[in-house]
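First up is the structure itself, then whatever we jot down about it.
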Amino acid sequence: MLNSLGREIPEYIEGIGKLEPYQGALTKLSKGWMDEPTIPAPNKAYLPHQSKLCNSLEEAILRSNPHNGMTISFHHHLRNGDILLVQTLTILHNMGIRYITLASSSLNECHDPILPYLEDGTVTRIYSSGIRSQLGRAVAMGVLDIPVVIHSHGGRVRSIHTGKIQIDLTVIAASAADCEGNATGSHGKSAFGSIGYAVIDARYAKQVIVVTDNLVNFPCIPLSISQNFVDQVVVVDSIGDASKIATGTTRITNSPMDLRIAKLAADVIEHSGFFEPGFAFQVGAGGASLAVAKFIREKMKTKAIKGSFMLGGITSYCVDMLNDGLFETIFDVQSFDATVSNSLLNNRRHIEIPAALYANPFNCGCITNKIDVVVLGALEIDVDFNVNVITGSEGNVRGASGGHSDTASGAKLTVVVCPSFRGRIPIIKKRVHTIVTPGESIHVLVTERGICVNPAFPELEANLKKAGLNIKDIHDLEIEVDKITGIPAPLEYTDKIVGIVEYRDGTIIDVVHQLKEK
Amino acid sequence: MKPKIAAQSGTFESSDVIFLIEPRPDNSGRKLEISSTVMQQFGANFNRIIVEMLDQYDMTDIHLIAKDKGALEPTIKARFETAIKRSLDEQEGTLK
Amino acid sequence: MLYIPGNNPAMIQQGGVYGADSILLDLEDAVALNQKDAARTLVRNMINVIDFYDAEVCVRVNHLSTPFGLADLEAIVPLQPSAIRYPKTESGEEVAELLKIIEQIEDRHGLPHNKMTLHAMIETAMGVQNVFDIASKFDRVDAITIGGQDLTADMNIVYTPDGAGIDFARKRIVMAAKASHIDVIDTVFPDVNDEEGLRRETEYAKRIGFTGKAVINPRQIEIIHDVYTPTDEEVRKAYRIVKEFKINSAAGIGVFAIDGKMIDAPIVTRAEYILRLANVTVG
C-alpha cells in the first residue's frame, strides 16, 4: 500500500508485525488520543536494607534473567565514547544468549565492534534513532533478516508505552550514582550532562542496571534517575572514553561555506516574522546549524530581543546565550560538551528533561510543540521538501532520525540548512532516497546557492522576498545544481526491505531497501 | 603518441583529482587505474572523460592512475590535460 | 573583491556564493611556480562553466617579465573575463605594451577591444610615482588597486597594522583614480581572525576614498559590505531608477530620462546593485 507521500509500505513484515502507512504529520494526533493501548510498567518489590551493588557488569547481567529473545536497551548520551553497549553484548554473547532485540536510543561508530553479533545471530533485531559507520553499511547490505526500525526520539517513547519495544533489561551509564541507584550524568569525571533519553527505559524495563565509575555517598543528587526504578548498581573503572564523551566547549565552525549558509539562515529567521521577544529556539550541534546560533546571538543583541527557551541537544554556545540573558531557560535532553554539565548542575534555569517531555507526541504536550524556530540539517532534501537524514548518497545507513521530525512538526519555522552539493553529490533531489521528515513540516531550505520556501507557506515567502533575500524555486535550484555536478547514476537495490522508518506517531513514512553488491 | 616522461597533476584535496601518468613499453596499450569517492554515482562519467581525452590526444602505451575526490567535470578535464602535456614535456609557461 | 587561488578547484567552484561583488581568480602570487600551467588550465576550464552569479570575474595574470605572463594572456584573453588584473604595474609605457599584446590576441580571436577591462595593481614605489599616467591614459584601465604587502617590501619597510608606511601611497593612488574617474580598490587585510581590525581598516579606506576592498577569505566579505552599504539617499535614487526602468521596459522603451538625465543599461545595473546591497526589492 502507498502512504500519503507515495511510498510503498508493506502491510505486514515478519518479526515487526502490521504496518500502518503514514497519512500526514498531524493526522493521528488530531484525534486527541492514541488508539493503541498503553502497557503497564512492571511492578517491583524490594525489601529494606538489601544491597543492589554488584561486583561486575557480568554479575549484574546474570542476576537480571538473561534469556534468548530478550530486548536490551541503552541510551546514547555518551555518544562516541560509550563502551557499555559493546561490553554488555559481549557478555551476553559469551553466555550464549541469542535472538536479542537491541533497542538503543541511538548507535554510533563506537558500536561497530558488535557487528559480528549481528552476523552470528546474537542480535537479530534493532530499534534505534540512528545507525552509522560499519553497522549502517552492514544493515544496508542486509545483515539482519528482520528490518531495523528507525524511530525518532519522541517516537521511541511512544513505542515503549505501547509495548512495541518491551525492554527486558536496560543498562544505564551514570557519571555519578549511589548504592541505591539514584544516578545522574551531570557530575563526575565522566560527566555527560542530561540523561533524558534513559528515563523512559528506567521506568519500563523489567530489569534496570545502573553502571557508574563514580559511586558517591547516598543520596546522589540530582536524582536524574531515581532509585525506585533501579534493580542493580555496578561500579566499574570507566563507563567510557572521556575524551569522546564530552570535550571542552563546542567551537563555531571556521568553514566559510558553513558560515555563509548560517548567515543566510539567520537572515531568514530575522525576517520570517517569528524573530520576536519570547521566541523559542533550537539548533543542532553540527557545523552550519550551530553557526546559526552565532549570528542569531548577534541579531538578538543588536535588536534587544530576549527569547524564551532553547531546547534539545545543548552545546556550550547555548549555555553562553543563557548566561548572556538572551534566553530565559534551557530544556536539555542531551548535552554536547563538558561546560554544559556544569551549567545543568548549577543553574536552575537549565533544566534536564526526559525524552517524553521533549518530544513524545502522545501526551498533553511535549516541549517541541512550543518551538518557534528550529534549524536542522539534511543529508538530502527533495523538491517536495521531504528530508532524508538516515541514508547517504552511496545508499548506506549513516545518520540519525533523532529529534528531526519531532522538532520539525512542532516548530512554527523549520529551517533546513545544507550545502547544495557535497563532493560532487547533489543534495537537492527530485526525490530523496529515504524520507525521515515529511516536507509538510519543512518551511524553508537554506543553501549557499539560494533560499527555497515551501510553497505551502506563501506568507513566509512574501516576508523573505520583502527583505530582499535571494529566493529561488526549489525546482530551479535542483536543476541548477545538477548542471554543476552532473546527474549521478542511480543506486541499485533489491526488493528486500532492510529498514523501516517510523514517523513519530508510529506510522511508517518510508522503508529502506537492500543495497545491491557492487 | 606515448608519454615521454612520468608526470603528475592535481592534488588530494576535496573537489580535486590527482593524475599520475607513466610511459609503458611500445604497443602495450593503455592501463587505467581509476578510483573515486563518487565511483558509484559518477564512475561511468569519469571513465568516459578519460577515454575521450586519451583518444583526442591519441595517447597509447600509457599507465594512468587517477584518484578522484569528487572533482567537477571542468576540473577533471583541466587536471588531465595538464598531466598529459607534462608527460609529453609540452607544458608552457611554468617552472618544472 | 574576493581573491581565489587559481589552482584550487574547491574554492573556484564556490567562488560565486559568498556575495562578493567581484571574484579575482589568481594565477600570480597564490600559485606555486611549478603549478602555473595547472592553474592556468583550471581557470580557463572553470571560468565559463561555473556560475559566479552577479559577481564580475577578473583574472590576475603574471607579469610579462616572468616566463608565465604571456602564456596567461594567451589562455585567458580569449575567454574575455570582466577584467584582467595586472600586477606590479610601474608605468604608462608598460600598460601600453600590455594592451598591445592583449589587442593582438583579441584580433586573432575576432574579439572587440572594448569589452574586457584592465585593473592595474600598484605594488612598487615606481608604480606609485607613475600612478596618474597609469590611471588616466587608457580607456581600458577602469580600476587601480594598491598591493600593500608587495609595496611595503619594495619600500624596504616593515608592515605595521596602522598602515603608516603605505598611507601616502594609498592617498596618492586614490587621488589618481578620482582624477581619472575610475574605481580604486584597497589592499587585503591579512589577519582573517581580526574582525575589528578589518572593520577599522575598511572604514579608513572608505573615508579616504577607496571604492572597495580586496579580501582573502570569504568570511571578510560581510564586514566590508557592512561598511560600504549605501546611504539612504543612494538607495532612494536607485529605487526610482529601477522602478522607472521597469515601467519603461514594460512599455518597450529601453532608454529614458529621469530629471533630464539619460538612463541606460549600465546605470540601471548600478542602481540594481545598490538595491541589492541594501536588501531592497522593487515591487
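The values are calculated or read from the model by the stated rules, or taken from the named source; none is laboratory data. In this text the structure is predicted, and so the values were computed from the model without any measurement. Cβ coordinates were reconstructed from backbone atoms using ideal geometry, including for glycine residues, and neighbour counts include every protein chain displayed.
Computed quantities for the displayed model
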item	result
Answer residue from the stretch A:280-292, given it is at pLDDT below 95 and part of a helix (DSSP H, G or I) and is farthest from the chain's Cα centre (by Cα) among those	A:Ala291
Which numbered condition A:Ile351 misses (of (1) closer than 19 Å to A:Ser194 by Cβ; (2) surrounded by 24 or more Cβ atoms within 10 Å (Cβ to Cβ); (3) free of Cβ contacts under 8 Å to residues at least 60 places away in the same chain)	(2)
Any hit, the stretch C:208-225, residues being charged (D, E, K, R), without any contact (Cβ under 8 Å) to a residue 40 or more places away in the chain and away from chain A (no Cβ under 14 Å)	no
Top-ranked residue of the stretch C:184-242 - restricted to ones that are basic (Lys, Arg) and assigned by TED's automatic domain parsing to the domain that holds C:Ala271, ranked as farthest from C:Ala257 (Cα to Cα)	C:Arg236
Scan of the stretch C:199-218 for residues that are touching a Lys or Arg at 6+ places or on another chain (Cβ under 7 Å) and either basic (Lys, Arg) or part of a loop (DSSP other than H, G, I, E, B) (or both), ordered by number	C:Gly209
Verdict on A:Val383 being closer than 30 Å to A:Ala138 by Cα and either without any contact (Cβ under 8 Å) to a residue 60 or more places away in the chain or surrounded by fewer than 19 Cβ atoms within 10 Å (Cβ to Cβ) (or both)	no
Members of the stretch C:129-163 that are of a type in the set (A, V, I, L, M) and buried (at least 22 other Cβ atoms within 10 Å of the Cβ)	C:Val131, C:Ile134, C:Ala135, C:Val141, C:Ala143, C:Ile144, C:Ile146, C:Leu151
Answer from A:Arg98, A:Arg137, A:Arg125 - the residue that is part of a helix (DSSP H, G or I) and not aliphatic (A, V, I, L, M)	A:Arg137
Any hit, the stretch B:54-68, residues being under 11 Å from the mean Cα position of the chain (by Cα), away from every other protein chain (no Cβ under 14 Å), in a helix (DSSP H, G or I) and not basic (Lys, Arg)	yes
Considering residues of the stretch C:26-56 that are among the hydrophobic types (A, V, I, L, M, F, W, C) and in contact (Cβ under 8 Å) with a residue 40 or more places away in the chain only, the residue nearest to B:Lys85 (Cα to Cα)	C:Leu27
Members of the stretch A:222-240 that are under 26 Å from the mean Cα position of the chain (by Cα) and part of a loop (DSSP other than H, G, I, E, B)	A:Pro222, A:Leu223, A:Ser224, A:Ser226, A:Val230, A:Ser238, A:Ile239
Single match in A:Ser243, A:Ser255 (criterion: within 14 Å of chain C (Cβ to nearest Cβ), out of contact with any strand residue (DSSP E or B) (no Cβ under 7 Å at 6 or more places or on another chain) and of a type in the set (Gly, Ala, Ser))	A:Ser255
Selection count, the stretch C:164-177, where residues are surrounded by fewer than 20 Cβ atoms within 10 Å (Cβ to Cβ) and either modelled with pLDDT of 95 or more or assigned to a loop (DSSP other than H, G, I, E, B) (or both)	5
Scan of the stretch B:9-42 for residues that are at the interface with another protein chain (Cβ under 10 Å from one of its Cβ atoms) and surrounded by fewer than 17 Cβ atoms within 10 Å (Cβ to Cβ), ordered by number	B:Glu13, B:Ser14, B:Met39
Residue count, the stretch B:69-96 (criterion: more than 7 Å from chain C (Cβ to nearest Cβ) and of a type in the set (Asp, Glu))	3
Verdict on A:Leu85 being touching a strand residue (DSSP E or B) at 6+ places or on another chain (Cβ under 9 Å), within 27 Å of A:Ser243 (Cβ to Cβ) and among the aliphatic types (A, V, I, L, M)	yes
For C:Gly209: the one exception among (1) within 30 Å of C:Ile4 (Cβ to Cβ); (2) small (Gly, Ala, Ser); (3) exposed (fewer than 14 other Cβ atoms within 10 Å of the Cβ)	(3)
Elements of type strands (runs of 3 or more DSSP E) contained in the stretch A:423-511, each with 1 or more residues being within 26 Å of A:His153 (Cβ to Cβ) and in contact with a helix residue (DSSP H, G or I) (Cβ under 6 Å, 6 or more places away or on another chain)	A:444-447, A:493-502
Looking only at the stretch C:53-65, and only at residues there that are in contact with a Lys or Arg (Cβ under 9 Å, 6 or more places away or on another chain) and modelled with pLDDT of 95 or more, the one that is surrounded by the fewest Cβ atoms within 10 Å (Cβ to Cβ)	C:Ser65
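Residue by residue, here is whether (1) away from every other protein chain (no Cβ under 14 Å); (2) touching a Ser or Thr at 6+ places or on another chain (Cβ under 7 Å) holds:
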| residue | (1), (2) |
| --- | --- |
| A:Asp406 | yes, yes |
| A:Lys412 | yes, no |
| A:Val416 | yes, no |
| A:Pro426 | no, yes |
| A:Arg431 | yes, no |
| A:Glu440 | yes, no |
| A:Thr447 | no, yes |
| A:Asn454 | yes, no |
| A:Leu460 | yes, yes |
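Per-residue answers, yes or no, for (1) under 21 Å from A:Gly395 (Cα atoms); (2) out of contact with any helix residue (DSSP H, G or I) (no Cβ under 7 Å at 6 or more places or on another chain); (3) buried (at least 23 other Cβ atoms within 10 Å of the Cβ):
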{"position": "A:Gly96", "(1), (2), (3)": "no, yes, no"}
{"position": "A:Pro116", "(1), (2), (3)": "no, yes, no"}
{"position": "A:Met141", "(1), (2), (3)": "yes, yes, no"}
{"position": "A:Leu144", "(1), (2), (3)": "yes, no, no"}
{"position": "A:Gly155", "(1), (2), (3)": "no, yes, yes"}
{"position": "A:Ala173", "(1), (2), (3)": "no, no, yes"}
{"position": "A:Glu180", "(1), (2), (3)": "no, no, no"}
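A quick yes/no check of all residues on (1) closer than 24 Å to C:Phe138 by Cα; (2) surrounded by fewer than 24 Cβ atoms within 10 Å (Cβ to Cβ); (3) touching an Asp or Glu at 6+ places or on another chain (Cβ under 9 Å):
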position	(1), (2), (3)
C:Ala10	no, yes, yes
C:Asp29	no, yes, yes
C:Arg44	no, yes, no
C:Asp51	no, yes, yes
C:Asp72	yes, no, yes
C:Pro78	yes, yes, yes
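Matching residues to (1) within 14 Å of another protein chain (Cβ to nearest Cβ); (2) on the phi > 0 side of the Ramachandran plot; (3) not β-branched (Val, Ile, Thr):
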{"residue": "C:Ser22", "(1), (2), (3)": "no, no, yes"}
{"residue": "C:Leu33", "(1), (2), (3)": "yes, no, yes"}
{"residue": "C:Ala39", "(1), (2), (3)": "yes, no, yes"}
{"residue": "C:Phe52", "(1), (2), (3)": "yes, no, yes"}
{"residue": "C:Val61", "(1), (2), (3)": "yes, no, no"}
{"residue": "C:Ala71", "(1), (2), (3)": "yes, no, yes"}
{"residue": "C:Arg85", "(1), (2), (3)": "no, no, yes"}
{"residue": "C:Glu90", "(1), (2), (3)": "no, no, yes"}
